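Worksheet: the structure to be examined is printed underneath.
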Amino acid sequence: MSNRIGYIDIARGIGILLVVLGHNDFGYISPFAYQVIYSFHMPLFFFLSGYFINTSIGFWGFTIKRFNSLLKPYLFTIFMIYFTSVSFEKMGFQTALGRIIKSLYASGYYIDWVQLWFLPHLFVVSLYAFFLYKLFARLNSSFFKWIILVATLWLASLFLQRFYPFSLAVFGKDYKLFGLPFSLDLVFLSGFFFILGGEIRQITTEQTFENPFLLLGTGAGVILLNLFFNQRIDFNTRTYESFLVNTAEAVIGILFILALSRQIELRTQRLVSLFTYFGQTSLLILIFHVPIQDFWGKKILGMTNNMPLSIWAGFAMGVAGSILIYELFIKANPVASWWFGRQAELPEQKVTS
């Protein structure tokens, strides 16, 4: 983004922290808060990913750009995982090769670092959105655009479990598979929230999210919906138990985070800097947080036998460890930055006369 919108970076920062919390045992501390997080945190990330979609650059330019920012980091991370496992652990080369091949299927069920499913899936969702936007341009009708979006979301909610799992016969042998390649069976569901991001950007301004009543209303709304309804949502396991309830929770939760982010932007510069930094490093936190969080959570639990402490310590280390990897090995490294779809931030050279 050449012109960043401050509260969107803040929302990304809040969102990635919710993702990290959602990937530990936070439900042990507060099952209700855990339920609330899961009711909107993945729709939020697809929404924010679609907020700045630009379809004016042409299909191949768009595809290359998305490949560099999503698939390249995914493929490099998969290679890095198994290269280090073979080099420094006891994993055999054949085992590593088999897991790499499974990872190329790119459905979360087959990825050891399961959180990585988001990257290849976001790549295909971006392409889906590109073609849908071209269709919308031909139709030139907001009414039919929203009919298509809501209809595809409804169809997704009906058939979400159809491919999780499903059977496939190849050369007379039956295989049980969990999800389509790149989680294509999710594309109508995730695509709805991705395109919703682009649409909301066009009809709102910063002032839209400055209203404190929007913050209070959406906050109360997402809490009340989760209090009175227990319909679960989990994209990776293809769970979307109620079309109406889950959609309402997700949309209201997204609006709450946007309103909260705008209020933070207006009122406290320290939190702005903190959450903006988390937002701008969210890709690296997404990639690395799970193994770091798991390691330290188990380590602290073994040392203290204190489950809440191990959860919070694992959370803190998952975020801090990911940032440390970025700052030490990626930020100023042109090669590593290229693989992670970023531009290296090289230190300024002092000129001496």
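The values are calculated or read from the model by the stated rules, or taken from the named source; none is laboratory data. Just so it is clear, the structure is predicted and the values come from calculations on it, not from any experiment. Virtual Cβ from ideal backbone geometry, glycine too; neighbours counted across all protein chains shown. The protein model used for the area step is the full one, side chains on, heavy atoms only, and it has no ligands, DNA or RNA in it. Shrake-Rupley method; radii C 1.70, N 1.55, O 1.52, S 1.80 Å.
The relative contact order of the range 191-308 comes to 23 percent, based on Cα pairs under 8 Å that sit 6 or more residues apart.
Across every pair of non-identical alpha carbons in the range 167-212, the mean reciprocal distance, once inverted, gives a Kirkwood radius of 14.1 Å.
Here the 3J(HN,Hα) profile of the range 143-160, calculated from phi with Karplus coefficients 6.51, -1.76 and 1.60 at θ = phi - 60°, is 4, 5, 4, 6, 4, 5, 4, 5, 5, 5, 5, 4, 4, 4, 5, 6, 10, 4 Hz, Gly and Pro shown as x. Treating each Cα of the range 133-213 as an identical point scatterer and summing with the Debye formula, the log10 of I(q)/I(0) at q = 0.25 Å⁻¹ comes to -1.15. Helical runs (DSSP H, four residues minimum) scored at -39500 (n - 2.57) apiece and divided by the length of the chain put the mean residue ellipticity at 222 nm at -22000 deg cm²/dmol.
When all alpha carbon pairs of the range 279-329 are counted in 10 Å bins from zero, the resulting P(r) reads 30, 46, 20, 3 %.
Centre-to-centre separation between the Cα atoms of the range 10-76 and those of the range 153-229: 12 Å. Ratio of Rg to Rh for the chain: 0.96 [Cα atoms; Kirkwood radius as inverse mean 1/r over pairs]. In this structure, the amide hydrogen of Asn333, modeled 1.01 Å from its nitrogen in the peptide plane, lies closer than 5 angstrom to those of Glu345, counting only residues at least 5 positions away or on a different chain. Compared with the direct C-alpha span, the chain from Trp146 to Leu244 gains 33.7 nm at full extension, assuming 0.36 nm per residue.
Extension gain, Ala316 to Gln202: 0.36 nm times the residue separation minus the Cα-Cα distance gives 37.4 nm. Scanning residues 5 or more positions from Thr239 or on other chains, those with amide H under 5 Å from its amide H are Asp234, with H placed 1.01 Å from N in the peptide plane.
Among Gln202, Gln293, Gln343, whose mean-square fluctuation peaks in a Gaussian network model of the chain (Cα, cutoff 10 Å)? Result for the chain, Cα springs under 10 Å: Gln202 fluctuates most. The ellipsoid that matches the Cα gyration tensor of the range 29-116 has semi-axes, each √(5λ) in whole angstrom, of 29, 24, 9, with the longest given first. Averaging the sequence gap over all C-alpha pairs within less than 8 Å and six or more residues apart, then dividing by the number of residues, gives the chain a relative contact order of 29 percent. Rg and Dmax over the alpha-carbon atoms of the range 83-147 stand at 19.2, 59 Å.
Label the range 1-50 by shape, choosing from rounded, prolate and oblate, from the square roots a ≥ b ≥ c of the eigenvalues of the Cα gyration tensor; if a/c is under 1.5 it is rounded, and otherwise prolate applies when a/b is larger than b/c, oblate when it is not. Prolate. If you sort Tyr38, Tyr51 by accessible surface, 1.4 Å probe, largest first, the order is Tyr38, Tyr51. Relative to its residue count, the range 233-353 spans a Cα convex hull of 198 Å³ per residue.
Each of Ile57 and Tyr175 was given a label point 7 Å from its Cα along the Cα-to-Cβ line. The distance between the two points is 3.3 nm.
Phi angles of the range 170-187 translate, via the Karplus equation with coefficients 6.51, -1.76, 1.60 and θ = phi - 60°, into HN-Hα couplings of 10, 6, x, 10, 8, 10, 9, 10, 10, x, 7, x, 6, 6, 4, 5, 8, 5 Hz per residue; Gly and Pro are given as x. With a Cα cut-off of under 20 Å and a minimum spacing of 8 residues unless on different chains, the lysine pairs in the chain number 9.
Put a dot 7 Å past each Cα toward the Cβ at Asp234 and Phe295; how far apart are the dots in nm? Rounded to a tenth, the inter-label distance reads 2.6 nm.
Rg/Rh for the range 160-257 to two decimals, with Rh computed the Kirkwood way over all alpha-carbon pairs.
With Rg and the Kirkwood Rh in hand, the quotient comes to 1.13.
Relative to the Cα centre, the charge distribution of the range 256-353, modelled as +1 at Lys and Arg Cβ and -1 at Asp and Glu Cβ, gives a dipole magnitude of about 140 debye. If the chain linking Ala33 and Glu345 were pulled fully straight, counting 0.36 nm for each residue of separation and taking away their Cα-Cα distance, it would gain 108.6 nm.
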